[in-house]
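Student: Sharing a structure, written as structure tokens. Questions coming.
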Amino acid sequence: MEHRPRIGIIMSVYNEKPEWLCQAIESIINQTYEKFCLYIILDDPNNDRLRDIILNYRQRVKNLVFYENQTNLGLVKSLNKLLKFVAEPYIARMDADDIALPQRLEKEYEFLVKNNLDFVMSGADFLDEDGNITEGAEIPPLMSKQLAECCKYGNVSIHSSWLLKKELYNKLEGYREYKYCEDYDFILRALQNGAQIGRLNEKLMQYRIRVNSLSSVYILEQDRKARYLRKAYRQNIDISSLDIYKINMMLSKYPEEEKRNYSAQKNIIDLLTRKIYEKNLLDALRLFFKGWFMGKYFRTLFIELFMNRIKMEKIYKMKI
């Protein structure tokens, strides 16, 4: 039998529903790729219920390692803390409210080895808070040249679908504290450092969309920071040289009313995109007119989304 290395899987737990955490852990336990170690860190020392769930699994699952922060450190510091403990040569990401399909690790590892890559990711379908599934976008397989171009116009990766060599994490010194965009910042730095990255066309994850998640609460700040990174990347600026502290300060202070308006109009864009993908054109048209007259954010986002989609469709057809 072919020798396969062990994969370390890192997961930070904070305020997920108990049933979501159980589903996430079970989806890892049931992987067809059996040589793994699941590293979990609890970032809320007061969440006794989630701690009890993890401790219960640790008693039953020999390849589960548990750590606990004494105070809330946040996602970036928690992941970087876990990275120091991982001994395996490959590291996969997993969120505590997502579900990995059984062949996720196996297919990602095979894709990485077959194409001599440093870093792979996959597609995903989407879960709402009630467990209803919406199909994700169909994107063809992408390699570094295409991904490097795609990243000029958007982020085509699902963070919790990542599998990469530990040496790449070491080379880039893990994640930076670029709030709500730490994954996009990491990918851009990886590309600029010559990492060979690929994206499977298969949807091997079910990604949870949460109404009150950090990304939804801080969507305006997240989008502005992502736009800042894209602009710098298009201008061939060294992403590693950017002053993260300065950018966080500059792009974090927005009035509450502006944040609410942006979030509401961004939600309409997301619903519109979903209806178009489902080919429900009547609902899509209604949402378009609702959003167009709602405010400037919708109009700006719609035009940007439309133009970027055209550019990305061209990139998908590039010869590797």
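The values are calculated or read from the model by the stated rules, or taken from the named source; none is laboratory data. As the structure is a prediction and not an experimental result, all values here were calculated from the model. All Cβ positions, glycine included, derive from the backbone under ideal geometry; neighbour counts span all protein chains shown. Keep in mind that these areas ignore ligands, DNA and RNA; they rest on the heavy atoms of the full protein, side chains included. Shrake-Rupley method; radii C 1.70, N 1.55, O 1.52, S 1.80 Å.
Student: Residue check: is L75 under 22 Å from S157 (Cβ atoms), of a type in the set (A, V, I, L, M, F, W, C), open to solvent by 30 Å² or more (accessible area, probe 1.4 Å) and in contact with a Phe, Trp or Tyr (Cβ under 9 Å, 6 or more places away or on another chain)?
Tutor: Here the answer is yes, as L75 does meet what is asked.
Student: While we're looking at this one, here's another question. Going through the stretch 238-273 one residue at a time, which ones are crowded, with 17+ Cβ neighbours inside 10 Å and part of a loop (DSSP other than H, G, I, E, B)?
Tutor: L242, L251
Student: Specify which of the listed residues (A87, A96) is small (G, A, S), more than 19 Å from the chain's Cα centre (by Cα) and not in a helix (DSSP H, G or I).
Tutor: Going through A87, A96 in turn, the sole match is A87.
Student: Quick one: which residue in K145, K152 is outside any helix (DSSP H, G or I) and out of contact with any strand residue (DSSP E or B) (no Cβ under 7 Å at 6 or more places or on another chain)?
Tutor: Matching residue, one of K145, K152: K152.
Student: Got a sec? Which of Y233, Y245 is at pLDDT 95 or above, out of contact with any strand residue (DSSP E or B) (no Cβ under 8 Å at 6 or more places or on another chain) and either among the aromatic types (F, W, Y) or over 25 Å from Y218 (Cβ atoms) (or both)?
Tutor: Only one candidate qualifies: Y233.
Student: Sticking with this structure for a sec: Scan E88, E106 and give me the residue that is in contact with a Ser or Thr (Cβ under 6 Å, 6 or more places away or on another chain) and either in contact (Cβ under 8 Å) with a residue 12 or more places away in the chain or of a type in the set (A, V, I, L, M, F, W, C) (or both).
Tutor: Going through E88, E106 in turn, the sole match is E106.
Student: May I ask you to say which residue of D52, D43, D48 is buried (at least 20 other Cβ atoms within 10 Å of the Cβ) and of a type in the set (D, E)?
Tutor: Just one listed residue meets the conditions, D43.
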